[in-house]
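A quick write-up on the structure given underneath.
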Amino acid sequence: MTEQAKKTVFSGVQPSGAMHLGGYLGAFRNWVALQDDDAYDVIYCVVDLHAMTVPYDPAEFHRLRLETAKVLLAIGIDPDRSLLYMQSQVPQHAELAWILGTLTPTGVLNRMTQHKDKLEKGVPANLGLYSYPVLMAADILLYGADLVPVGEDQKQHLEMARDLAERFNNRFAEVFPVPEPLIPKTAARVMSLVDPTSKMSSSDANPKNRINLDDSPDVIRKKVKSAVTDSDPTVRYDTAEKPGISNLLEIMSSTTGRSIDDLAAEYATGGYGRFKEAVAEAIIAELAPIRASLQNLDDAEVARILQKGALDARTRAERHQQKVRDAVGLGRF
Ligand code: AQP
């Protein structure tokens, strides 16, 4: 298939902490599937500018940026088939965010739930956090992406990116395709193991809330064993009454490829202990190849891949961004 006939895919991940099973099942696994499909031209980014919207330690942040890229490579992102780079090394992201910001009504930003959730958790209010969805829209639109593989938590932001593409096209010129989200049917929102009514997250202070992609089998068994459930020992899918068990069913369905009904029928009786053991083994089997690949990756090699990725991404971004500048009246003299 020619490059032009391919659909462009874009997605990003924040280097905000250990990468976990939620992001993997909700998004990264789809990243690899799209890379392996010849119909798509795929671009994946470590969105470090986004991660600066919450308090962080610069030295730790520097390490996490490289570590995040490393985990993506271990998951199966292949730099020969995917464009992989660091957001901050492509200045066009910030430039487009400014332009899109001038088209964003503050009323729309006020309705975004993610920054409100963060403020409730004690993150200091700042302009970057507030305008996070505008930068995310810029990330996606910068390459004229058609498809964005994300978890369900990003649905509202994706809607805003679509809205901004349409606003821009109507106001100036047809520059942007209107991107579609790609959200998996199962495990689109993996929940915390400690509080199954909130999502599994790298920013949660309690590390037991999540399974990290590099957790050892023993740690995975312990975390699943202590996952919060309920006192009725029947395994059945009911997100209102049994959020913990429903979450484990989704995880097991997504990691084994078996349907939730099938799993619920097999584990309905026999107690939570037996079911949890099976869930833990399914996760361990899914993550084993990632852990093994991680051990073989060398920091210098990852840095080299990111440097090459940034060069290619700058060239591509600049090509598209020139159309934006021309459309808004910022073209060259
Ligand atoms: N729990 C989840 N279930 C399904 N998908 C998820 N994603 C994240 N958490 C889940 C998806 O993973 C991609 C990367 O998201 P991110 O970089 O925002 O991940 P994070 O560091 O885990 O996010 P945090 O710490 O929870 O930060 P906030 O609070 O900012 O979201 C995305 O496609 C996301 O949908």
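The values are calculated or read from the model by the stated rules, or taken from the named source; none is laboratory data. Just so we're clear, the structure is a prediction, and the values are computed from it rather than from any experiment. For neighbour counting, all protein chains shown are included, and Cβ atoms are generated from backbone atoms with ideal geometry for every residue, glycine included. Only protein heavy atoms, including side chains, enter the accessible area calculation; ligands, DNA and RNA are left aside. Shrake-Rupley method; radii C 1.70, N 1.55, O 1.52, S 1.80 Å.
If the Cβ limit is 9 Å and pairs must be 6+ apart or interchain, which residue in the stretch 89-107 that is under 15 Å from Arg171 (Cβ atoms) pairs with which residue that is at pLDDT 95 or above and open to solvent by 60 Å² or more (accessible area, probe 1.4 Å)?
Ile99/Leu330; Leu100/Arg167; Leu103/Arg167; Leu103/Arg171; Thr104/Arg167
I'd like to check something: does the stretch 64-87 contain any residue that is part of a loop (DSSP other than H, G, I, E, B) and within 14 Å of the ligand (Cβ to nearest atom)? Give the steps one after another, and end with the answer.
Filtering the stretch 64-87 down to residues part of a loop (DSSP other than H, G, I, E, B) leaves 76-81.
Retained after the next criterion (residues that are within 14 Å of the ligand (Cβ to nearest atom)): 77.
So far as the stretch 64-87 goes, yes, one or more of its residues are part of a loop (DSSP other than H, G, I, E, B) and within 14 Å of the ligand (Cβ to nearest atom).
Which of the residues that make up the stretch 13-29 are within 7 Å of the ligand (Cβ to nearest atom) and of a type in the set (Gly, Ala, Ser)?
Within the stretch 13-29, Ser16, Gly17, Gly22, Gly23, Gly26, Ala27 meet the criteria.
What number of residues within the stretch 142-196 are aromatic (Phe, Trp, Tyr) and open to solvent by 50 Å² or more (accessible area, probe 1.4 Å)? Outline the logic, then answer.
So in the stretch 142-196, the residues aromatic (Phe, Trp, Tyr) come out as 143, 168, 172, 176.
Checking the rest, the ones that are also open to solvent by 50 Å² or more (accessible area, probe 1.4 Å) come to 172.
The total comes to 1.
Residues Arg274, Arg258, Arg304, Arg291: which one is open to solvent by 50 Å² or more (accessible area, probe 1.4 Å), outside any loop (DSSP other than H, G, I, E, B) and closer than 21 Å to Val190 by Cβ? Before you say what the answer is, go through the steps one by one.
Numbers: Arg274 fails: closer than 21 Å to Val190 by Cβ; Arg258 fails: outside any loop (DSSP other than H, G, I, E, B); Arg304 fails: closer than 21 Å to Val190 by Cβ.
Testing whether each residue is open to solvent by 50 Å² or more (accessible area, probe 1.4 Å), outside any loop (DSSP other than H, G, I, E, B) and closer than 21 Å to Val190 by Cβ leaves just Arg291.
Quick one: count up the residues across the stretch 197-229 that are within 11 Å of the ligand (Cβ to nearest atom), within 15 Å of Asn247 (Cβ to Cβ), in contact with a strand residue (DSSP E or B) (Cβ under 9 Å, 6 or more places away or on another chain) and open to solvent by less than 60 Å² (accessible area, probe 1.4 Å).
6
Counting only residues that are at pLDDT below 95 and among the polar types (S, T, N, Q), how many does the stretch 210-233 have?
1
On the basis of being part of a strand (DSSP E or B), within 13 Å of the ligand (Cβ to nearest atom) and either open to solvent by 10 Å² or more (accessible area, probe 1.4 Å) or not basic (Lys, Arg) (or both), does Val123 make the cut?
On the way: part of a strand (DSSP E or B): no; within 13 Å of the ligand (Cβ to nearest atom): yes; either open to solvent by 10 Å² or more (accessible area, probe 1.4 Å) or not basic (Lys, Arg) (or both): yes.
It is false that Val123 is part of a strand (DSSP E or B), within 13 Å of the ligand (Cβ to nearest atom) and either open to solvent by 10 Å² or more (accessible area, probe 1.4 Å) or not basic (Lys, Arg) (or both).
For Thr269, all conditions in the list (1) among the β-branched types (Val, Ile, Thr); (2) farther than 17 Å from Pro217 by Cβ; (3) within 22 Å of the chain's Cα centre (by Cα) hold save one; what is the number of the exception?
Of the numbered conditions (1) among the β-branched types (Val, Ile, Thr); (2) farther than 17 Å from Pro217 by Cβ; (3) within 22 Å of the chain's Cα centre (by Cα), the odd one out for Thr269 is (3).
As an exercise: evaluate Glu60 against (1) touching a residue at least 12 places away in the same chain (Cβ under 8 Å); (2) open to solvent by 10 Å² or more (accessible area, probe 1.4 Å) and give the number of the one condition it does not meet.
The single condition Glu60 does not satisfy is (1).
Only one of Val47, Val42, Val9, Val32 is β-branched (Val, Ile, Thr) and near the ligand (Cβ under 8 Å from one of its atoms). Can you tell me which?
Details: Val42 fails: near the ligand (Cβ under 8 Å from one of its atoms); Val9 fails: near the ligand (Cβ under 8 Å from one of its atoms); Val32 fails: near the ligand (Cβ under 8 Å from one of its atoms).
None of the other options fit; the residue is Val47.
Residue check, Ile251 against (1) aliphatic (A, V, I, L, M); (2) within 16 Å of the ligand (Cβ to nearest atom); (3) part of a loop (DSSP other than H, G, I, E, B), all met but one. Which one?
(3)
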